[in-house]
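The block underneath contains the structure these notes are about, expressed in structure tokens.
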Amino acid sequence: MQKAHIGDIALTYEDLGAGEPALLCLPGWCASRQSFRDLLPGLAQRRRTLSMDWRGHGESSAAVDDFGADELVADALAVIESAGLERVVPVATAHAGWVAIELRRRLGTRIPAIVLVDWIVTDPPPPFLGALATMADSSKALAVRDQLFAMWTEGVAHAEVQRFVREDMGAYPPEMWARAAREIAGAYARERNPLRALSALATPPQVLHLFAQPADPAYLAAQESFAAEHAWFAVRRLEGRSHFPTIEVPDQVRDHIESFMASTTARSS
């Protein structure tokens, strides 16, 4: 276990394997690096792989003051500096993808590629935005969270997914869920959607999106259509029932990341 520091804030991260570009696993809001527990060892067999806890999450320092997406970016940069990484590929779960995009903006080609995991990369559905608006009120946050938990676990038999949602994500207070809702909604308001934000970069990195849900064929088709017009983007549908493929199907995630990294390295050599 390693520690990076920003003033009095101690950020906990794991650092396994060797070689660059390194993978930096970024959990979503209200989740710890335990979401990568079963993925990390497999990835680290072939390359240096790190996973981290944001401030106020997991084993990092508790949050004393309010914070947002800018502070998460600062956390990721602190871990990159502490670990002495030169070239980094973020593996970002859900809305940590906004952090990955901002890392590319700030570090340029030091972020040669990005792996996105289970994210709404197209325009967000209006009901989702409505849920965020309600959850941004801390007095209503847990009620919305519980509805999300029910949706995320319906029909999912995987015991570790169930435990992670209930015990890991369920441990965060309403203030953290309200904060997450505020920041996620703000990012969509500014950028409209992740594919648009990536397209607006001066030179987009190579990007892979891995997801298992939603099962709606139209969601995959929209991404495949985008990929056909943007050579830097690729999407792969996973065989999973949940929104937590790094927990449910880590071997599938590992294999797709390794294939992507091999092709990315070949393109950049």
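Its Cα gyration tensor gives the range 1-153 an equivalent ellipsoid, and the semi-axes of that ellipsoid, as √(5λ) in whole Å with the largest first, are 27, 18, 15. The GNM of the chain, with springs linking C-alpha atoms under 10 angstrom apart, assigns the highest mean-square fluctuation among ASP123, ASP216, ASP53 to ASP216.
Taking the Cα centre of the range 146-242 as origin and charging only Cβ (+1 Lys, Arg; -1 Asp, Glu), how large is the dipole, in debye to the nearest 20? Could you put the intermediate results ahead of the total?
Working: 10 positive and 12 negative charges, 47 e Å.
Charge dipole of the range 146-242: 220 debye, to the nearest 20.
Per-residue Karplus couplings for the range 167-172, computed as 6.51 cos²θ - 1.76 cosθ + 1.60 with θ equal to phi - 60°, are listed in order as 9, 7, 5, x, 7, 7 Hz, Gly and Pro entered as x. Solvent-accessible surface of the chain, averaged per residue with a 1.4 angstrom probe and all protein chains in place: 43 square angstrom.
If you count the DSSP beta bridges with both ends in the chain, what percent of them are antiparallel, to the nearest 5?
Working: 9 of 30 bridges.
Among the beta bridges of the chain, antiparallel pairing accounts for roughly 30 percent.
Packing around the peptides 86-95, 3-12, 192-201, taken as the average count of other Cβ atoms within 10 Å per residue, puts them in this order, highest first: 86-95, 192-201, 3-12. Debye-formula intensities of the chain, expressed as log10 I(q)/I(0) at q = 0.10, 0.16, 0.17 Å⁻¹, are -0.46, -1.34, -1.55 (one equal scatterer per alpha-carbon, no solvent).
Each Lys and Arg contributes +1 and each Asp and Glu -1, all at the Cβ; summed about the Cα centre of the range 13-99, the dipole is approximately 480 debye.
Spatially, the range 1-20 and the range 129-189 are offset by 26 Å when compared through their Cα centroids.
Which value, in Å³ per residue, describes the convex hull spanned by the Cα atoms of the range 179-262?
Details: hull volume 10.3 nm³, N = 84.
It comes to 123 Å³ per residue, whole-number rounded.
With the charge dipole of the range 150-202 set up from +1 on Lys and Arg Cβ and -1 on Asp and Glu Cβ about the Cα centre, the Cα lying farthest toward the positive end among the listed residues PRO194, MET176, GLN162 is that of PRO194. Dipole magnitude for the chain: about 560 debye, using +1 per Lys or Arg Cβ and -1 per Asp or Glu Cβ, origin at the Cα centre. Rounded to the nearest 10 square angstrom, ARG47 shows an accessible area of 30 square angstrom against a 1.4 Å probe. Each listed q (0.27, 0.28 Å⁻¹) maps to a log10 I(q)/I(0) for the range 82-122 from the Debye sum over equal C-alpha point scatterers, namely -0.92, -0.96. Across the range 1-56 the C-alpha pair distances fall into 10 Å bins from zero in the proportions 25, 52, 22, 1 percent. Taking GLU102, GLU154, GLU258 as the candidate residues, the one with maximal mean-square fluctuation in a Gaussian network model of the chain, Cα springs under 10 Å, is GLU154. Residue-wise HN-Hα couplings along the range 252-263, as the Karplus relation 6.51 cos²θ - 1.76 cosθ + 1.60 with θ = phi - 60° gives them from phi, are 5, 4, 4, 5, 5, 5, 5, 5, 5, 5, 5, 6 Hz; Gly and Pro carry x.
The values are calculated or read from the model by the stated rules, or taken from the named source; none is laboratory data. It should be emphasised that the depicted structure is a prediction, and the values quoted were computed from it without experimental measurement. Ideal geometry is used to build each Cβ from the backbone, glycine not excepted, and the neighbour counts take in all protein chains shown. Remember, those area values only see protein heavy atoms, side chains included, never the ligands or the DNA or RNA. Shrake-Rupley method; radii C 1.70, N 1.55, O 1.52, S 1.80 Å.
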